[in-house]
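Comments concern the structure below.
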Amino acid sequence: MAMAAVILSVPAPSGADEGKAGPGAKEIRSGTVQVRLHDAPLLDQDGRKVRFAADALGERIVVVDTFFTNCGLICPILGAIFAELQDLLGGLLDREVRLVSITVDPLTDIPPRLKKYSDQWEARPGWRFLTGEKKDVDHVLTGLGLYSADFTEHPPAFLVGDAREGTWTRFYGFATPEQLMGKIRELLEKRKAKTS
Amino acid sequence: MTARRPTWTVLVFLLVLVFSAEAGGAELTDAQKRGKRIYMDGKGRGRITAFLPEPGVKAPGGGFPCVNCHLAGGTGQSEGGVQSADITWLTLTKEQGTARPTGRTHPPYTDETIRKAVTDGVDPAGNRIASAHPRFRMEPGDLDDLLAYMKGMDREPVPGVTDNAVRVGILLPSTGPLAEVSREVETLLSLYFSAVNARGGIYNRSLQLVPLRYDPSRTGSAAAAVQPASEKGEIFCFLANTGVHADDEASRYLSGEKIPVIVPLLSASESGYGTDRYTFHIFASLRDQARVMVDFLADRPSIPAVRIGLLYARDRSGEGGAAGVREQAKKRGMGPAVEIPYDPGKFDPDGAVSRLKAEGAGAVLFFGGSREALVFSRSAAEARWSPLFLAPAPMVGSALGAAPAVFLDGVRLASPLTVPDPGSARMKDFQGLRAKASLGDLHGSFQYLAYAGAVLLEEGLKRSGRALTREKLVGAIGNVWKLETGVTPPLTYNANRRSGAVGASILRVEKETGRLVTAAEWREPR
């Protein structure tokens, strides 16, 4: 079932009014999507071998985005959104929620480059950057519906879901950290309701 | 078709090849160096943050270094429909002001209005600049440093490039088995560069070869040779580095510094994960050669359902070849192979022969050392078993020349080389240089590779234009399509491909002469 669209209606910022969405903030469309979580072997920013589903997602609530380190305009915005989201998550990060950034240019983005990139964002444990064999990365991206034949044209999108489920929510465009946080809270509540 | 005749000598080389396992510019001031760090890395003495008005998020400044959009030198670019401004000092401050692509105009920038543009996102006329432009928060001292750097960044020298020369480094072992090879390669490239320079150079710049010698018996020696030269800005790029493996500290350093390396010799190219954007190889990886070997089997009409025996060493080369076999066998619907991995130095040829024979393997694909290949051939002959035996020539070299004749009949070797066309202009040029230097045939393939690397570099420099940078060179070579070098298959590179000639030919041993002849022409894997 399609999720209702989330509309941003936050006032425009001035120089002293940071932290709120600006005048250019568009209506962000979101919807439910079916994903396939391929358990392909990948590498994280520390060069550790990880299976995508079993290790990187690890049955957490997960937010996924894509990037490549040579990207100048789009990916840094996605990165900034994750950077703020990790602050909003506080102690939930890694314990219950993971942020997973998958490179779309695995040939260039070897672990040391990912490490440097993760340092740029001051990423904490629980925000993982993934690369690997191109065919494995492409396989994972295809399962998530995030594959682009031309990696420079990868769509700005976030996937939010429960790694135990196949139905996820896709945000098309630059969702705000608050929007993503709202979805995360909803999924955490759902889990709690199931276990209680 | 006339069978071409590579010789065992070529293969001896191949064995060794893959498996022996700022000039002219003013110094930046301290403030400019700190400003450069802000521009390049988004990091100052104090904390820097970036606020993005459109999604309304605040992020570490490191996520939005100026260079990402405005590029090194500040010339700006167009990406994803967004135009980032030319922020070179001359453009920002020219007296007649600036008309933006939107048609908007504003007075020339001053130090103060640039500060406001960086921190508040407004131009000198008070217009808001692009919403994609972050508003930065940084300490006044950091802002001063950034301005100091911006004032001179378009005149910052490119390492190794002067008004009249491009300095190209080459790492050469001063001792050991490759010392002679390195002398030949250096001589050949010096002659090649002299010929280019005699024609007027490239955009009025001469090519200068800068040899950096290292002692291969000392760990870290190559890195110790590279780092000071790089830090002093003496080298633009490297060509035909000899004997420096991909996992050597020097290779890692060059990659980390984003210094282009064209056709390193004796560094196995890798396909798939881990390919370095700044390093360009010629030949296919073992994995891709293995894929061509499987294609060769799959396309043989006489044995449509041959069962593959996969015999490989548990090391990087062996595992790479085995992965290629699995991938291609699956793609070609050939069914799983009978796999026998072995630890290097602990090979049991009799055991391997009896198991493969018992499992009905009709073809053995071998990825191990030359000694193991030879003992395997003898065990198979003793067991009166003559399967098709395919191996990459670079791995087994000339050792199989001593295999029993009955076994040799089934031997097929994958070679990433083609035999050059002696009539091509490039080949004639190569032969001319070789004759001039009185170089022999023994290290012919090293010479081929070095020559092909020089052709590739020359092409890349021409495509990069006079305003040369390392990124431009990498971009230019990364778009080369079917470049004829005369001595290798045509070279093609793209964003996902750093081996120019991904393919192999299949050779067999001619009974009458014992020479290697072509059994299947060079081709790319399907």
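List of remarks:
- Other protein chain C-beta atoms within 10 Å of residue C-beta, averaged over A:174-183: 2.
- The protein assembly as shown - mean residue ellipticity at 222 nm from DSSP helices (-39,500 (n - 2.57) per run, n ≥ 4, rounded to 500): -10500 deg cm²/dmol
- The stretch A:133-174 shape via C-alpha gyration tensor axes, a/c threshold 1.5: oblate
- Cα gyration tensor shape of the stretch B:154-247, rounded if a/c is under 1.5, else prolate or oblate by comparing a/b with b/c: oblate
- Cross-link partners for A:Lys194 among the lysines, with Cα-Cα distance under 30 Å and sequence neighbours closer than 8 places in the same chain left out: A:Lys183.
- Förster radius 51 Å - calculated FRET efficiency between A:Tyr147 and B:Asp154, Cβ distance, rounded to 0.05: 0.85
- For B:Gly368, the residues whose modelled amide H falls within less than 5 Å of its own, excluding neighbours fewer than 5 places apart on the same chain, are B:Ala313.
- Translational diffusion of the stretch A:29-195, µm² s⁻¹ [Kirkwood Rh, Cα pairs; Stokes-Einstein; 10 °C; 1.306 mPa s]: 102
- Placing a label point 7 Å from the Cα of B:Arg300 along the Cα-to-Cβ direction, the residues of the stretch B:488-513 with a backbone N closer than 20 Å are B:504-512.
- Three-way shape call for the protein assembly as shown based on the alpha-carbon gyration tensor, with the a/c threshold at 1.5: oblate
- Peptide B:401-411 is shielded by partner chain Cβ atoms: per residue, an average of 0 of them sit within 10 Å of its Cβ.
- Label zone at B:Glu319, where the point sits 7 Å out along the Cα-to-Cβ direction: the stretch A:87-117 residues whose backbone N lies under 19 Å: A:107, A:110-112
- Dipole check for chain A: with +1 at the C-beta of Lys and Arg, -1 at the C-beta of Asp and Glu, and the Cα centre as origin, the magnitude is about 520 Debye.
- For B:Arg135, A:Arg48, order by how many other beta-carbon atoms lie within 10 Å, fewest first: A:Arg48, B:Arg135
- Along the axis of the charge dipole computed for chain B (Cβ charges of +1 for Lys and Arg, -1 for Asp and Glu, origin at the Cα centre), the listed residues B:Gly62, B:Val353, B:Leu207 are led at the positive end by B:Val353.
- Applying the Karplus relation 6.51 cos²θ - 1.76 cosθ + 1.60 with θ = phi - 60° to the stretch B:401-406 yields 3J(HN,Hα) values of x, 9, 6, x, 4, 4 Hz, where x marks Gly and Pro.
- The chymotrypsin sites (Phe, Trp or Tyr not before Pro) of the stretch B:458-526 that meet both conditions, a loop assignment by DSSP and at most 15 other Cβ atoms within 10 Å of the site Cβ, are B:Trp481.
- Counted charge near B:Val292, where neighbours are those whose Cβ lies closer than 15 Å (Asp, Glu -1; Lys, Arg +1): +4
- Charge dipole (the stretch A:29-195, unit charges on Cβ, about Cα centre) - positive-most of A:Leu78, A:Pro112, A:Leu57: A:Leu57
- Spin-label model distance (nm) - A:Lys116 vs B:Thr175, 7 Å beyond Cα toward Cβ: 3.4
- In sequence order, calculated HN-Hα J values of the stretch A:86-101 (Karplus, 6.51, -1.76, 1.60; Hz; x Gly/Pro): 5, 5, 5, 6, x, x, 6, 4, 6, 5, 10, 10, 10, 9, 10, 10
- Taking the inverse of the mean reciprocal distance over all distinct Cα pairs, the Kirkwood hydrodynamic radius of chain B comes to 25.9 Å.
- Trypsin sites (Lys or Arg not before Pro) lying in DSSP loop within the stretch A:126-196, provided at most 14 other Cβ fall within 10 Å: A:Arg164
- 3J(HN,Hα) couplings calculated from phi for the stretch B:371-388 with the Karplus curve 6.51 cos²θ - 1.76 cosθ + 1.60 (θ = phi - 60°) are, in sequence order, 5, 5, 4, 5, 5, 5, 4, 5, 5, 5, 5, 5, 7, 6, 10, 10, x, 5 Hz; Gly and Pro show x.
- Interchain or long-range residues, amide H under 5 Å from B:Val338's placed H: B:Ile308, B:Gly309, B:Leu310
We did not get these values from a lab; they are worked out from the coordinates using the rules stated. Here the structure is a predicted model, which means the values were calculated and not measured. Because the Cβ atoms are built from the backbone with ideal geometry, glycine has one as well, and the counts that use them run over all protein chains shown.
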